[in-house]
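The values are calculated or read from the model by the stated rules, or taken from the named source; none is laboratory data. Worth saying up front: this structure is predicted, and the values here are computed from it rather than measured. FYI the Cβ positions are ideal-geometry reconstructions off the backbone, even for glycines, and counts take in every protein chain you see. Side chains included, ligands, DNA and RNA excluded: accessible areas come from the protein's heavy atoms. Shrake-Rupley method; radii C 1.70, N 1.55, O 1.52, S 1.80 Å.
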Amino acid sequence: MSPIRPPADPSGNDTPAPGAEGVVALLTGRAPVPARAIPPGTAFPGGLPPHHGPAPTGRPATDHPTPGLRATGLRAPDLSAGLFGDRSLDSALPGDAFPGGLLDGDLLDAVATWSPVATPAGSFRLVPVRLERDLPLLTAWMNDPVVSAFWELAGPPATTAEHLRAQLEGDGRSVPCLGVLDATPMSYFEIYRADLDPLARHYPSRPHDTGIHLLIGGVTDRGRGIGTTLLRAVADLVLDHRPHCTRVIAEPDIRNTPSVSAFLGAGFRYATEVDLPGKRAALMIRDRALRHVL
């Protein structure tokens, strides 16, 4: 599953286009590249990102993210540091950065506080990205040919950093997260407000519709159903922690059969096809009312 990069905005406010040493290197990431922050409420420039092509045969689903507007970089305890540092997962230091914050009115209901869930593949949780810790790993994933075919973020760390900072410095309507399975970061998710995203121009959105983008980082985790397992787990997390959300949304490329199949296996239904800038997408929906049926 992959990102959709927007075309240049005539106003000059372009949305940045994001772009291996392993877990140990996460602690020594390069300095992030500055990116212009857009004030809360500013319209997303340029619309949706371009098409990323079909997935190679036999590969797992890789979703096309449609990132939301940039965030404001609210400050709150970071509950994820213990996964990669000396602190326990539930500890927090004042002033740690958290995209979206832990405040009333949080656009995504404090993703950092969502508890781990048991899945057939192991214990899973979402951990909001910290650029200085996670950039080397995410850059390596973005340069994997299977991933770059969809996300179009291959290149130096600066490319990936710009993509991440567009969300981390925004108002919290898109939160980039590591997917951590049994204490090992092995996937990347973007949880975003689909009703506040340019995607809402292309389908009859409802308030609090929440979107998911996913990539599986490790080759050993691909092609054996883990994508389906994680999509179901994350959709359940959204519905459990976002009481006003009635639907979880996704928009994989219609030609990406593995991706569409993974969403179907995770309890999403195929709603329709939509023409987005650069691709024709399958609009996939997981309804709260049907979550225990599908």
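A few notes on this one:
- Between Thr184 and Arg255, residue separation times 0.36 nm minus the direct Cα-Cα distance comes to 22.5 nm.
- Taking the protein heavy atoms of the range 162-249 in the context of the full set of protein chains, the accessible area attributed to carbon and sulfur is 50 percent at 1.4 Å.
- Whether the range 107-176 is rounded, prolate or oblate, judged on the alpha carbon gyration tensor where a/c under 1.5 counts as rounded: oblate
- Net charge over other residues, Cβ less than 9 angstrom from the Cβ of Val274 (K, R count +1; D, E count -1): -2
- Accessible area per residue in Å² at 1.4 Å probe, computed on the range 141-294: 33
- The calculated FRET efficiency for the pair Ala154 and Val293, based on their C-beta separation and a Förster distance of 41 Å, comes to about 0.55.
- Using the Cβ-Cβ distance between Thr246 and Thr220 with R0 = 30 Å, the FRET efficiency computed as 1/(1 + (r/R0)^6) comes to roughly 0.25.
- Semi-axes of the equivalent ellipsoid for the range 153-205, Cα gyration tensor, largest first, Å: 23, 16, 11
- Most tightly packed first, judged by the mean number of other beta-carbon atoms within 10 Å of their residues, the peptides 137-149, 189-201 read 189-201, 137-149.
- Amide H contacts of Glu169: Ala71, each under 5 Å away and 5 or more positions distant or on a separate chain (H built 1.01 Å from N in the peptide plane; Pro and chain starts excluded).
- Each peptide in 270-276, 110-116, 226-232 was scored by the mean count of other Cβ atoms within 10 Å over its residues; highest first, the order is 226-232, 110-116, 270-276.
- Lys, Arg +1 and Asp, Glu -1 on Cβ, resulting dipole of the range 103-235 about Cα centre, debye, nearest 20: 360
- Computed from Cα atoms alone, the Kirkwood hydrodynamic radius reported for the range 165-294 is 15.0 Å.
- The range 252-294-the range 126-192 distance, computed between alpha-carbon centres (Å): 22
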